[in-house]
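Encoded as structure tokens, the structure appears first; notes follow it.
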Protein chains: 2
Amino acid sequence: MVERVVRLIQGGVTSAQGFVASGVHCGIKPEKKDLALVYSRAPASAAGVFTTNKVKAPPVLFNMERIRSGRGQAVVLSSGNANSCTGEQGMRDAREMAELTAHYLGIADDLVYVCSTGIIGRPLPMDAIRQGIPEVVRLLSPDGTTAAEAIMTTDTVPKAAAVQVPIGAQVVTVGGMTKGAGMIHPQMATTLTVLTTDAAVAPPVLAAALRRAADQSFNRITVDGDRSTNDTILLLANGEAGVPEITGPGDALEAFQSALTTAAVTLAKMLARDGEGATKFVEIVVRGAQNDADAHRAGQAVAISPLVKTAIYGGSPNWGRILAAVGASGAEVAADRVAVWMGPVPVAERGVAAEDPESAEEAARYLAGEDVQITVDLGLGKGEATVWTCDLTEAYVRENAGLLS
Amino acid sequence: MVERVVRLIQGGVTSAQGFVASGVHCGIKPEKKDLALVYSRAPASAAGVFTTNKVKAPPVLFNMERIRSGRGQAVVLSSGNANSCTGEQGMRDAREMAELTAHYLGIADDLVYVCSTGIIGRPLPMDAIRQGIPEVVRLLSPDGTTAAEAIMTTDTVPKAAAVQVPIGAQVVTVGGMTKGAGMIHPQMATTLTVLTTDAAVAPPVLAAALRRAADQSFNRITVDGDRSTNDTILLLANGEAGVPEITGPGDALEAFQSALTTAAVTLAKMLARDGEGATKFVEIVVRGAQNDADAHRAGQAVAISPLVKTAIYGGSPNWGRILAAVGASGAEVAADRVAVWMGPVPVAERGVAAEDPESAEEAARYLAGEDVQITVDLGLGKGEATVWTCDLTEAYVRENAGLLS
């Protein structure tokens with residue numbers, strides 16, 4: 001694949017031409033914004049990636065059915081209540097959210113997608129949502145900030161990103177917003193993500209591009225190994241940049257794929273960095289694996305290990321826990337070939353402690369930082385993978401034990 | 001299988017006839033006991049189950065080789081240092097521990113097994129161990145207490161159990177000791193377990209019986225999903241009860257198997273109860289699965305979920321997290337058939353909240369106790385499984401982040 005000049009810009013879900021968004025407080029949460037809308041002036045191609053959890057929330061089932069058309073124009077999102085494990089009533093509520101949104105936008109009902117995130121098992125407070133929808137439609141604007149705020153749950157910061165890439169004589173923009181921050185694991189996180197682009201892309205090509213981008217981004221992060229019932233990525237491509245429609249392989253698709261993957265990776269890293277209770281962002285690089293799948297497996301096992309994550313929280317260069325995690329990952333591992341670095345510091349070589357007696361101290365100093373990179377070389381082959389996670393802290397426990405409320 | 005009268009008795013690794021044990025402080029740890037020995041007056045049949053982690057500590061590799069003889073007479077165990085990720089030096093040290101122990105016991109060297117538990121990646125302090133071995137041999141006695149103490153790492157209590165079962169006109173005893181308490185997950189925990197029995201059992205029959213017992217006990221517990229490099233269960237059967245040797249299927253084997261499994265389950269539950277930082281013992285019962293393997297998978301997923309475990313810690317009857325965990329477990333799940341109980345309280349039925357509006361409050365009251373049972377009925381078939389775990393607390397994080405030291 002040609003290396004493309006993908007440029008990160010300030011922005012988010014409304015950076016691509018023809019998109020507007022908004023976020024309001026309608027009353028699902030006590031005070032904070034809890035209803036968001038993303039809208040394309042023109043009908044768009046649409047693609048989606050959804051949770052693989054067998055317990056799927058009604059809005060997920062609703063979107064999975066609707067996405068088969070490959071078309072879309074708006075996404076309405078509520079936070080504070082996941083509309084999950086809510087049965088037939090939940091499906092009726094998701095449908096009503098779409099219908100009301102379409103009604104106030106004056107568009108066809110089947111172009112609206114619905115996402116919800118928050119507590120599982122309680123019916124959506126539909127009275128609040130019915131009052132909120134006309135308001136969130138009225139406030140649509142080119143500023144995507146309030147929408148990114150309105151989808152937050154335990155996130156501490158709103159998350160948005162945008163990138164640009166030249167295609168022919170034009171510039172195409174891909175932007176998006178996402179939310180975390182617990183129950184995050186590949187296939188997928190408790191994430192809701194809306195991506196928008198002004199490229200024109202045929203629906204099947206768009207779906208494949210989104211799947212590829214998700215594999216390199218949202219499927220590479222883990223916070224706590226839990227997979228939610230609501231995870232959704234939706235992508236709308238409205239063609240407003242004026243570039244010819246991308247209908248198959250070629251330079252244009254490569255450029256678009258680069259931009260889409262970059263935007264997705266940027267958002268996914270924001271999720272890991274803002275994992276519940278996190279004090280550190282952790283990148284795990286595995287190389288020398290027998291193949292890429294093994295590298296991913298090993299990286300995942302390190303990223304999910306509570307013992308590794310607590311050691312990183314405590315700033316302790318406990319590489320033995322990393323070897324133990326790798327050894328139990330299912331990946332091919334020869335204990336006497338494994339090397340581990342913490343940042344630039346080699347801490348283990350050929351499966352035993354690094355010879356330099358100062359390496360442990362140096363590694364501890366490195367771990368004191370907020371950005372931590374762990375590199376594991378399995379010494380077996382050319383397989384590589386990178387995954388992202390965060391540390392495991394007392395604050396994670398307090399937050400999820402409900403000891404804050 | 002005939003229901004056997006297996007009776008739990010006070011005791012442990014020296015309850016079976018002909019076994020003695022001891023534990024001393026030799027200097028691996030700053031103060032506490034750190035070297036243990038279990039010894040059978042007569043050479044015994046021996047069987048072992050070892051970690052499936054591909055990174056195996058030298059003593060594990062040493063025992064795996066040695067156990068092929070099916071014979072054994074002593075197990076020497078050190079705590080405070082796992083002798084793991086220590087390469088060739090680690091193997092030499094394990095061998096020397098066995099040789100010294102055999103020397104001071106005056107038995108054949110190849111009848112001694114070696115276990116170590118503690119920090120990974122540092123060479124064993126062999127000077128301390130060399131001084132400790134004659135002492136631990138000298139102090140051998142029919143009281144197993146000090147041995148159970150000397151294998152503790154982060155355990156808060158020593159763990160021992162013993163059971164008796166009649167075989168013919170005799171009574172056979174199975175006893176044992178074990179230690180946890182983090183890095184605990186099936187296949188297996190960071191556990192060291194020594195089981196002893198005065199039954200006479202042919203080595204291949206003993207190996208199969210131990211495998212079966214482990215599957216029902218140590219492979220049913222999880223604390224944090226991490227699998228250690230050192231997990232070992234060793235079983236010595238010395239025949240001192242005077243019962244004819246068990247060489248194959250029949251009443252005697254069934255009785256012995258019941259006793260062995262009961263002893264193993266009792267010890268395994270002690271491990272879960274004393275998981276690092278645990279405040280609650282949690283039993284997850286899954287029924288109505290398509291088959292037993294699916295039930296185990298679903299139970300495991302619930303038991304390992306940080307979100308479920310923190311909710312239990314916080315006393316919050318968040319059944320949605322249980323459904324999410326089950327749905328992501330890989331087991332066959334139909335969301336609209338799942339029912340969940342917390343103790344006797346139904347909290348979810350057919351995949352949605354239980355109708356009784358007071359059930360959440362009742363469940364919260366139930367969760368305030370120290371012994372929690374969660375039952376999940378998948379509503380699909382006759383598969384059943386039970387797994388044991390503990391809650392996830394701030395103390396777990398503090399302990400493993402090294403914030404206590």
Notebook entry, point to check: For chain B, treating each Cα as an identical point scatterer without solvent, what Debye log10 I(q)/I(0) comes out at q = 0.13 1/Å?
Noted result: -1.04
Next item on the list: Report, as an integer, the average count of C-beta atoms from other chains found within 10 Å of each Cβ along B:114-125.
Entry: 3
Margin query: Given N residues in region A:70-182, what is its alpha carbon radius of gyration divided by 2.2 N^0.38 Å?
Written below: 1.18
Next item on the list: May I ask you to derive the relative contact order of chain B, considering only C-alpha pairs under 8 Å and at least 6 residues apart, and to give it as an integer percent?
Entry: 17 percent
Margin query: Taking each residue in A:322-335, count the Cβ atoms of any other chain within 10 Å of its Cβ, then average. What number comes out?
Written below: 6
Next item on the list: Could you let me know the centre-to-centre spacing of region A:62-122 and region B:268-285, using Cα atoms, in angstrom?
Entry: 41 Å
Item checked: Inter-copy separations for A:Asn291, label at 7 Å along Cα-Cβ, nm, ascending -> 2.6
Next item on the list: Give me the angle, in degrees from 0 to 90, between the Cα long axis of helix B:203-215 and the longest principal axis of the Cα atoms of chain B, rounded to the nearest 10.
Entry: 30 degrees
Margin query: Treating the point 7 Å from Cα along Cα-beta-carbon as the label, what are the nm separations from B:Lys32 to the other copies, to one decimal?
Written below: 4.0
Checklist line | Over region B:72-215, relative contact order from alpha-carbon pairs under 8 Å, at least 6 apart, % | finding: 20 percent
Item checked: Likely footprinting exposure, B:Leu236, B:Leu100, fewest C-beta neighbours within 10 Å first -> B:Leu100, B:Leu236
Next item on the list: Calculate, for B:Lys382 and B:Lys32, the FRET efficiency according to 1/(1 + (r/R0)^6) with r their C-beta to C-beta distance and R0 51 Å; round to the nearest 0.05.
Entry: 0.60
Next item on the list: May I ask you to derive the FRET efficiency for A:Ala202 and A:Gln89 from their Cβ-Cβ distance with R0 = 35 Å, giving the value to the nearest 0.05?
Entry: 0.45
Notebook entry, point to check: Using only helices, what value at 222 nm comes out for chain B when you add -39,500 (n - 2.57) per DSSP H run of length 4 or more and divide by the total residues, to the nearest 500 deg cm²/dmol?
Noted result: -10000 deg cm²/dmol
Item checked: Helix B:251-273 axis, angle to chain B major axis (alpha carbon atoms, nearest 10°) -> 70 degrees
Notebook entry, point to check: Of all the Cα-Cα pairs you can form in region A:281-400, what percent are over 26 Å apart?
Noted result: 14 percent
Next item on the list: Over the whole of A:390-400, what's the average partner chain Cβ count within 10 Å per residue? Rounded to a whole number, please.
Entry: 6
Notebook entry, point to check: In nm, what does the list of distances from A:Glu332 to its counterparts in the other copies look like, shortest first, when each label sits 7 Å along Cα to Cβ?
Noted result: 3.4
Margin query: Can you give me the distance in nm between label points at B:Asn291 and A:Leu8, each placed 7 Å from the Cα along the Cα-to-Cβ direction?
Written below: 4.8 nm
Check: What are the principal axis extents of the Cα atoms in the protein assembly as shown, in Å, biggest first?
Finding: 90, 61, 42
Next item on the list: Within region B:356-380, find all residues whose amide N lies under 13 Å from a label point positioned 7 Å from the Cα of A:Arg130 along Cα-to-beta-carbon.
Entry: none
Notebook entry, point to check: Tell me, what is the FRET efficiency for A:Arg68 and A:Leu139 to the nearest 0.05, using R0 = 22 angstrom and their Cβ-Cβ distance as r?
Noted result: 0.10
Note to self: Can you tell me the orientation of helix B:292-304 relative to chain B, as the angle in degrees between its alpha-carbon axis and the longest Cα principal axis, to the nearest 10?
What the structure shows: 90 degrees
Checklist line | From phi via Karplus (6.51, -1.76, 1.60), per-residue ³J(HN,Hα) for region A:51-58 in Hz, x at Gly/Pro | finding: 3, 8, 4, 6, 9, 9, 5, x
Item checked: Projected label distance in nm at A:Arg350 and B:Glu99, using a 7 Å step from Cα toward the beta-carbon -> 2.2 nm
Check: What is the residue of chain B with the smallest Cβ distance to the axis taking B onto A, and what is that distance in whole Å?
Finding: B:Glu394, 2
Check: Taking K and R as +1 and D and E as -1, what net charge do the other residues with C-beta under 12 Å from the C-beta of A:Val243 add up to?
Finding: -4
Check: Okay, which of region B:308-331 sit inside 16 Å, backbone N to the point 7 Å along the Cα-Cβ direction of B:Thr279?
Finding: B:308-318
Notebook entry, point to check: Ranked by Cβ crowding within 10 angstrom, fewest neighbours first, how are A:Lys309, B:Lys32, A:Lys159 ordered?
Noted result: B:Lys32, A:Lys159, A:Lys309
Next item on the list: Sort B:387-395, A:242-250 for me by packing, meaning the mean count of neighbouring Cβ atoms within 10 Å per residue, highest on top.
Entry: B:387-395, A:242-250
Next item on the list: Quick one: work out the % antiparallel among DSSP beta bridges in region B:7-273, nearest 5.
Entry: 70 percent
Check: Among B:Ile67, B:Ile374, which comes first, then next, by fewest other beta-carbon atoms within 10 Å?
Finding: B:Ile67, B:Ile374
Next item on the list: Amide H neighbours of A:Ile246 under 5 Å, at least 5 residues apart or on other chains, H built in the peptide plane: list them.
Entry: A:Ala200, A:Val201, A:Ala202
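FYI, it's all coordinate maths here, none of it is from the lab. This one's a predicted model, so the numbers in the text were calculated from it and none came from an experiment. Heads up, the Cβs are rebuilt from the backbone with ideal geometry, glycines too, and the neighbour counts pull from every protein chain shown.
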